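Taking it in order: structure first as structure tokens, then the write-up.
The values are calculated or read from the model by the stated rules, or taken from the named source; none is laboratory data. Worth saying up front: this structure is predicted, and the values here are computed from it rather than measured. Note: ideal-geometry Cβ built from the backbone for every residue, glycine included; neighbour counts use all protein chains shown.
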Amino acid sequence: MEPDRPDRPAPTDSEPDQEQIGLFALKVWGYKQGEMVSLLVHLGDRLGLYRALAGAGPLDAAELARRTGLDTRWVLEWLRGQGAAGLLLWHADDRFELEPAGAAVLADEEGSLAFAAGAFGPPSAPEFVDGLVDAFRTGVGMPYDRQGPAGVHRTERMLGPWTRLALVPRILPALEGVVARLETGGQVVDIGCGAGVAVVALAQRFPQSSVHGYDISRLAIERAAELVADAGVGNVTLHHAGAEALPEEASFDLVMTLDCLHDMTRPEETIGAIRRAIAPDGTWLVKDIRCTPDARDNLANPMAAMMYGFSVTSCMSSALSEPGGAGLGTLGLDPQRLERLCRGQGFGRFSQHDFDEPANLYYEVRP
Ligand SMILES: C[S@@+](CC[C@H](N)C(=O)[O-])C[C@H]1O[C@@H](n2cnc3c(N)ncnc32)[C@H](O)[C@@H]1O
């Protein structure tokens, strides 16, 4: 559904006619449809339906049910829903097909940068929604842990494919001198490391280096410990703590904050702590959401409404989870603001990288 554009004419005071009301209702019901399709995407991912369809050509419900060990009638209704949503081709003989582009987005978690199905979790728990209602009244939001393990899982699966497929092969080589330095052994810290996908990726690629992960989420650090153990890497140390716990001596060759500075209650203090802990010739890699200083300009982003939804439920909520929190939120850390904050904390060099990712911008920041 297209968001309103800033160049739309201003609303008039005249009474709406039935056609206008009908069109507006359709717009609203479109979001309800999105909610329902989202749940069916989650079920398709969780039940292995997309993976069974990928590369299989057209299948009917009985065959897909046989391949997945599921009930035919339920599978048929799911298939029809996915056909109606335009996610599967619905052939005239009632067989359904996941095309290659669809398979990249819905079935290829290991190999596709476009993989998205992992972002479609189950609906939020009622207690969590009650917490949001309270937050609107008190002004104080909730840290990530209030979303429970499902929140960590969703973030891991939403951001993990990018981290595995782009961070090491594509992003790090674009930063001056970083790869060579880590190959010979360096100190790395990932602040706001979440489930630790980046920590593991760097530890595997740079076995001579020591990699530290910090996060204030207990659930995230627990999950990161599992991933580290599964990967069998011995050069990782995890810390259930924020940036204020970083060592005071200037020791880190690479600092990373990936998709998390705008989630922090006190980003300025975090940046100050990074400035103290980074080596004099170290590099700080910031990945943050592509956004603009004037919020209305964000309407050019066709996913802006979803971004504001993420903000209310996760990012801004986390960034306001203490009284007086900065509350930047998903679309709140634009390049100009970040540069001001960095220079204010004593960073001298600041450059922006654009890897043509629709959602993110990258910054290379140095003392
Ligand atoms: C959107 S997740 C990103 C996780 C990870 N960097 C990734 O890219 O998958 C944001 C993370 O920032 C963490 N976070 C929020 N405030 C923090 C703080 N002050 N210090 C450290 N971590 C923080 C949250 O707990 C959450 O795990």
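Only residues that are buried (at least 22 other Cβ atoms within 10 Å of the Cβ) and more than 17 Å from ALA220 (Cβ to Cβ) were counted across the range 187-206, and they come to 2. Taken residue by residue, the range 71-86 has no member that is modelled with pLDDT under 95 and polar (S, T, N, Q).
Only one of SER351, SER314 is in contact (Cβ under 8 Å) with a residue 40 or more places away in the chain and either farther than 21 Å from TRP162 by Cβ or in the same structural domain as ARG137 (by TED's automatic domain parsing) (or both). Can you tell me which? Before you say what the answer is, go through the steps one by one.
Numbers: SER351 fails: in contact (Cβ under 8 Å) with a residue 40 or more places away in the chain.
One residue alone meets the criteria, SER314.
Report whether or not VAL178 is aliphatic (A, V, I, L, M), touching a residue at least 60 places away in the same chain (Cβ under 8 Å), out of contact with any Phe, Trp or Tyr (no Cβ under 8 Å at 6 or more places or on another chain) and away from the ligand (no atom under 15 Å from the Cβ). It is true that VAL178 is aliphatic (A, V, I, L, M), touching a residue at least 60 places away in the same chain (Cβ under 8 Å), out of contact with any Phe, Trp or Tyr (no Cβ under 8 Å at 6 or more places or on another chain) and away from the ligand (no atom under 15 Å from the Cβ).
Residue-wise test of (1) over 22 Å from ALA119 (Cβ atoms); (2) surrounded by 11 or more Cβ atoms within 10 Å (Cβ to Cβ); (3) out of contact with any helix residue (DSSP H, G or I) (no Cβ under 6 Å at 6 or more places or on another chain).
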| position | (1), (2), (3) |
| --- | --- |
| ASP13 | yes, no, yes |
| GLN18 | yes, no, yes |
| LYS32 | no, no, yes |
| VAL37 | no, yes, yes |
| ARG51 | no, yes, yes |
| ALA61 | yes, yes, no |
| ALA65 | yes, yes, no |
| ALA84 | no, yes, yes |
| ARG95 | yes, yes, yes |
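For the range 227-250, the set of residues classified as surrounded by 15 or more Cβ atoms within 10 Å (Cβ to Cβ) and over 25 Å from the mean Cα position of the chain (by Cα) consists of ASN235 only.
Would you check which residues across the range 89-99 are free of Cβ contacts under 8 Å to residues at least 24 places away in the same chain and outside any strand (DSSP E or B) and list them?
The initial filter retains those residues of the range 89-99 that are free of Cβ contacts under 8 Å to residues at least 24 places away in the same chain, namely 90, 92, 99.
Across the range 89-99, the qualifying residues are ALA92, GLU99.
Residue-by-condition table, conditions (1) in a loop (DSSP other than H, G, I, E, B); (2) within 15 Å of the ligand (Cβ to nearest atom):
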site	(1), (2)
VAL233	yes, no
GLU244	no, yes
GLU248	yes, no
LEU254	no, yes
HIS262	no, yes
GLU268	no, yes
ARG275	no, no
ALA279	no, no
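Under the condition of being out of contact with any Pro (no Cβ under 7 Å at 6 or more places or on another chain) and in a helix (DSSP H, G or I), the residues counted in the range 212-231 number 13. ALA101 falls short on exactly one of the conditions (1) surrounded by 11 or more Cβ atoms within 10 Å (Cβ to Cβ); (2) under 25 Å from GLU357 (Cβ atoms), and that condition is (1).
Let's see how each residue does on (1) in contact with a Gly (Cβ under 7 Å, 6 or more places away or on another chain); (2) not assigned by TED's automatic domain parsing to the domain that holds GLY48:
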site	(1), (2)
ASP60	no, no
GLU63	no, no
LEU70	no, no
GLU77	no, no
LEU87	yes, no
GLU99	no, no
ALA116	no, yes
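Please determine whether any residue of the range 209-228 is over 29 Å from GLY121 (Cα atoms) and within 10 Å of the ligand (Cβ to nearest atom). No, there is no match, as no residue in the range 209-228 is over 29 Å from GLY121 (Cα atoms) and within 10 Å of the ligand (Cβ to nearest atom). Among the residues of this structure, PHE355 counts as one that is more than 12 Å from the ligand (Cβ to nearest atom), touching a strand residue (DSSP E or B) at 6+ places or on another chain (Cβ under 9 Å), assigned to a loop (DSSP other than H, G, I, E, B) and of a type in the set (Phe, Trp, Tyr). Within the option set ALA203, ALA198, being within 12 Å of the ligand (Cβ to nearest atom) and touching a residue at least 12 places away in the same chain (Cβ under 8 Å) holds for one residue only, ALA198.
Please determine whether any residue of the range 185-192 is assigned to a helix (DSSP H, G or I) and either within 11 Å of the ligand (Cβ to nearest atom) or of a type outside the set (A, V, I, L, M, F, W, C) (or both). So far as the range 185-192 goes, no, none of its residues is assigned to a helix (DSSP H, G or I) and either within 11 Å of the ligand (Cβ to nearest atom) or of a type outside the set (A, V, I, L, M, F, W, C) (or both). Which is in a helix (DSSP H, G or I), over 23 Å from PRO247 (Cα atoms) and touching a Lys or Arg at 6+ places or on another chain (Cβ under 6 Å), of VAL105, VAL152, VAL129, VAL133? Going through VAL105, VAL152, VAL129, VAL133 in turn, the sole match is VAL152.
Reported count of residues in the range 281-314, each being closer than 17 Å to GLN345 by Cα and either part of a helix (DSSP H, G or I) or within 16 Å of the ligand (Cβ to nearest atom) (or both), is 3.
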